[in-house]
Amino acid sequence: MERFRVVGGTRLVGRVRVPGAKNSALKLMAATLLAEGEFRIGNLPRILDVEIMAELLRRLGCQVSLEWEDVQGGTAVISVPGEIGYEADYDLVRRFRASIAVLGPLLARCGQVRVARPGGDAIGSRGLDMHIDGLTRLGARIATEHGFLVAEALSGRLVGASVELDFPSVGATENILMAAVLAKGDTVIDNAAREPEIVDLCEMLQAMGAKIGGAGSSTIEVQGADRLYPVAYDTVPDRIVAGTFGVAAAMTMGDVRVDHARPEHLRIALDKLSAAGAEISADPAGFRVVMARRPRSVDVVTLPYPGFATDLQPQFAAMNAVAEGTAMITENIFEARFVFLQELARLGADVRTDGHHAVLRGVDRLSGAPVVSSDVRAGAGLVLAGLVADGETVVSGIHHIDRGYAGFAEQLTALGATITREDES
């Protein structure tokens with residue numbers, strides 16, 4: 001176990017490059033199970049979850065080579081055999097929730113699958129009901145046995161159907177989509193998730209030979225194919241990492257250029273930074289955040305894309321903790337995400353919570369203290385808070401941060417921060 005030691009008081013200045021999106025990369029890797037042959041998935045972030053997904057694919061019979069170019073990322077070469085395994089073991093699946101993404105492709109390719117119920121971040125209930133209901137509509141029989149989801153295609157092959165989601169769940173949309181591309185006939189997914197990572201997955205599947213319409217809209221139409229083919233494909237840039245560095249620049253009254261980012265994926269977040277007083281300049285290759293004063297408080301309401309991303313809520317909470325004025329944060333996606341605010345209060349934040357609402361009254365300065373990360377984004381938010389706190393902030397539980405941020409400490413150090421990784425002992 002390791003931790004970060006952060007010394008506050010430094011203004012961040014410089015350039016930073018964003019790697020591929022964690023929330024897309026893992027699903028692209030899972031999608032390789034849909035076709036026999038050699039894939040090359042580029043612009044992968046060098047994070048723990050990618051390593052775990054690679055090992056999961058190996059245990060399913062694939063050959064996987066991770067070719068890292070630097071501390072941020074590289075390429076996965078994945079060779080998928082003609083016959084693959086269909087059981088995802090508990091010892092890997094329990095470590096990250098994205099492992100459930102193999103459910104759809106394995107069911108479509110093998111006609112059967114056993115996947116342990118996944119673990120992941122402690123940010124609230126994220127049931128699998130919509131995954132199960134959608135795949136059942138496609139002709140699967142699914143049961144829970146000894147901690148595993150056990151599914152089989154009743155007719156040997158899934159069959160296209162109309163599926164309407166109760167909520168635009170990203171994971172459910174991805175699983176149903178990957179199952180539908182090899183189903184017999186047409187599938188329509190209504191109230192589908194619209195995130196850029198969904199579009200990224202659709203574009204890779206289309207490159208593999210799938211026929212998909214409506215990517216990025218609330219209705220996705222899929223015409224099932226008999227066979228798909230391997231491709232080389234690059235992961236979309238990580239909008240959450242990009243947004244995190246934008247907030248870091250604003251909090252520290254810095255000047256940071258974020259390269260290899262897509263500003264169109266962060267419209268609301270960048271508008272919020274502008275409302276906080278930052279000067280934002282954007283172009284197709286990235287954006288720049290310049291802050292010349294203490295931030296102003298901004299209200300945040302998390303919603304499914306294209307609304308404000310729940311994965312940026314802790315970072316904006318950290319900024320509001322030291323901003324002028326009072327901000328209301330409303331969390332509509334994950335009910336346990338406010339656990340992070342208890343740690344932020346340890347640093348001196350003035351915060352009150354009531355259900356899925358939180359009120360933050362900005363203070364002049366936070367005070368360094370030991371804190372614990374409970375999930376990927378909470379950890380990032382605590383590191384950002386440490387950047388503007390007096391003295392030293394020690395952030396434990398950084399294995400969570402390593403699951404979503406490649407070379408986080410190195411990138412912040414290059415921008416002028418004083419942050420070191422050390423052993424907990």
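Given N residues in the range 269-330, what is Rg(Cα) / (2.2 N^0.38 Å)?
On the way: Rg = 11.8 Å, N = 62, 2.2 N^0.38 = 10.6 Å.
Normalised Cα radius of gyration, the range 269-330: 1.12.
Quick one: Kirkwood hydrodynamic radius for the chain, alpha-carbon pairs, angstrom, one decimal?
Numbers: mean 1/r = 0.0459 Å⁻¹.
Evaluated over the chain, this radius sits at 21.8 Å.
Taking 1 over the mean of 1/r across every pair of different Cα atoms in the range 295-369, what Kirkwood radius in Å do you get? Working shown, then result.
Values: mean 1/r = 0.0823 Å⁻¹.
Final number for the Kirkwood radius of the range 295-369 is 12.2 Å.
Could you work out how much longer the chain between Val150 and Asp350 gets when fully extended? Use 0.36 nm per residue separation minus the Cα distance between them, nm to one decimal.
Details: separation 200, 0.36 × 200 = 72.00 nm, distance 4.71 nm.
The Val150-Asp350 span can extend by a further 67.3 nm.
Remind me, relative contact order of the range 23-233 in percent, using alpha carbon pairs under 8 angstrom and six or more residues apart? Show your work: numbers first, answer last.
On the way: 481 pairs, mean separation 41.2, N = 211.
It comes to 20 percent, rounded to a whole number.
Would you kindly derive the ³J(HN,Hα) couplings of the range 341-357 from the backbone phi angles with the Karplus curve 6.51 cos²θ - 1.76 cosθ + 1.60 (θ = phi - 60°), listing them in order in whole Hz, with x for Gly and Pro?
My calculation for the range 341-357 gives 5, 5, 6, 4, 5, 4, 8, x, 5, 9, 9, 10, 10, 8, x, 9, 10 Hz in order.
With bins 5 Å wide starting at 0, give me the P(r) of the range 131-172 over every alpha carbon pair, in whole percents.
Percent of pairs per bin, in order: 5, 23, 26, 22, 18, 5, 0.
Taking square-rooted eigenvalues a ≥ b ≥ c of the alpha carbon gyration tensor, is the range 270-425 rounded, prolate or oblate, where a/c under 1.5 means rounded and, failing that, a/b exceeding b/c means prolate?
Working: a/c = 1.30, a/b = 1.11, b/c = 1.17.
It is rounded, given that a/c, with a ≥ b ≥ c, falls under 1.5.
When the gyration tensor of the range 28-114 is built from Cα positions, what are the square roots of 5 times its three eigenvalues, in whole Å, from largest to smallest? Write out the running numbers ahead of the final one.
Details: eigenvalues 88, 46, 18 Å².
With the √(5λ) rule applied to the range 28-114, the semi-axes are 21, 15, 9 Å.
Figure the gain on full extension for Asp271 and Thr420 (residue separation times 0.36 nm, minus the Cα-Cα span) and round it to one decimal in nm.
Details: separation 149, 0.36 × 149 = 53.64 nm, distance 3.18 nm.
Full-extension gain reported as 50.5 nm.
Looking at the chain, what % of its DSSP beta bridges pair antiparallel, to the nearest 5? Write out the running numbers ahead of the final one.
Numbers: 64 of 87 bridges.
Within the chain, antiparallel bridges account for around 75 percent of the total.
Over the chain, what is the relative contact order in whole percent, taking alpha-carbon pairs under 8 Å and six or more residues apart? Intermediate results must be reported in sequence, preceding the final value.
Details: 1099 pairs, mean separation 89.7, N = 425.
That works out to 21 percent.
Run the reach check for Lys184 against lysines, Cα to Cα strictly under 27 Å, same-chain hits fewer than 8 apart removed. What comes back?
Once the sequence-local lysines are set aside, what remains near Lys184 is Lys27, Lys211.
So what J values fall out for the range 58-68 if you push phi through Karplus, 6.51 cos²θ - 1.76 cosθ + 1.60 with θ = phi - 60°, rounded to Hz, Gly and Pro as x?
So the J values, rounded to whole Hz, are 4, 5, 8, x, 7, 9, 10, 10, 9, 10, 7.
Nearest 5 percent is fine: what portion of the DSSP beta bridges confined to the range 260-401 is antiparallel?
Numbers: 15 of 24 bridges.
So the antiparallel bridges amount to about 60 percent of the total.
What would the Debye equation give as log₁₀ I(q)/I(0) for the range 23-233 at q = 0.11 Å⁻¹, counting only Cα atoms as equal point scatterers?
After summing over all Cα pairs, the log10 values are -0.45.
Quick check on the range 141-272: of the DSSP beta bridges with both residues there, what percent are antiparallel, nearest 5%? Present the calculation step by step, with values, prior to reporting the outcome.
Values: 13 of 17 bridges.
So the antiparallel bridges amount to about 75 percent of the total.
Calculate one ³J(HN,Hα) per residue across the range 232-249 by plugging θ = phi - 60° into the Karplus curve 6.51 cos²θ - 1.76 cosθ + 1.60, and present them in order as whole Hz with x for glycine and proline.
Those phi angles translate into 9, 8, 9, 5, 5, x, 7, 5, 6, 4, 4, x, 4, 5, x, 5, 4, 5 Hz.
Dipole magnitude of the range 23-233 about its Cα centre, charges +1 at Lys/Arg Cβ and -1 at Asp/Glu Cβ only, in debye to the nearest 20? Mind showing how you got there, number by number?
On the way: 19 positive and 28 negative charges, 75 e Å.
Computed about the Cα centre, the dipole is about 360 debye.
We did not get these values from a lab; they are worked out from the coordinates using the rules stated. What you see is a predicted model; the values in this text were computed from it and never measured. Neighbour counts run over all protein chains shown; Cβ positions are idealised from the backbone, glycine included.
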